[in-house]
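Structure first, commentary second.
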Amino acid sequence: MNLSTLPIEFELTAAKIPSDHYPHSRFKLTAEIEKGFITIDFQGYFTESFNPKNRPYSNPISEVYRNNKIDFRLFWSGEHLALSGWWRTAILSLEYTPIRKEWLNEDGEEILRPYPDGDKFEAIAASFYPILQ
């Protein structure tokens, strides 16, 4: 396993994509890159705009501001993109290509798109796909 640093341009773009769909949130990225396989963990944090009067710490990625309800992991290999994360009490995954979107539960069974976040994750995947190609 190789914990890697992403190019800063990519990291800034990648962090902005989910923030566009989750207002008042920012994301900290951690990447693992191994022989054509990329895994990026996105850890969610509330931004200053969420509650500007209640900011006791100046560090924007302090654990005080964590919002782990929007954490997710991105997997990329070749032309295959997957997003996976906790949704309520289960791990759900989106397998994405421009012509196919498939939602899976933690047992690998196909499910319907979850509401209300499924459309956000599909939009996030659609934004990442061309960048990762």
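The values are calculated or read from the model by the stated rules, or taken from the named source; none is laboratory data. Model, not experiment: these values are computed from the prediction. All Cβ positions, even for glycine, are placed from backbone atoms using ideal geometry, and neighbour counts span all protein chains on display. Remember, those area values only see protein heavy atoms, side chains included, never the ligands or the DNA or RNA. Shrake-Rupley method; radii C 1.70, N 1.55, O 1.52, S 1.80 Å.
Remarks
- Simple spin-label estimate for residue 15 and residue 62 gives 1.8 nm between the two label positions (7 Å along the Cα-to-Cβ direction from each Cα).
- In degrees, nearest ten, helix 8-21 long axis to first principal axis of the chain (Cα): 90 degrees
- Solvent-accessible area, 1.4 Å probe, carbon plus sulfur percent, for the chain: 53 percent
- With the helix formula -39500 (n - 2.57) applied to DSSP H stretches of n ≥ 4, the chain reaches a computed 222 nm mean residue ellipticity of -7000 deg cm²/dmol.
- Compared with the dominant Cα axis of the chain, that is its longest principal axis, helix 118-132 is turned about 80°.
- Taking all protein chains into account, the per residue accessible area for the chain stands at 62 Å² (1.4 Å probe).
- For the chain: lysine pairs under 18 Å (alpha-carbon distance), excluding those fewer than 8 apart on one chain: 6
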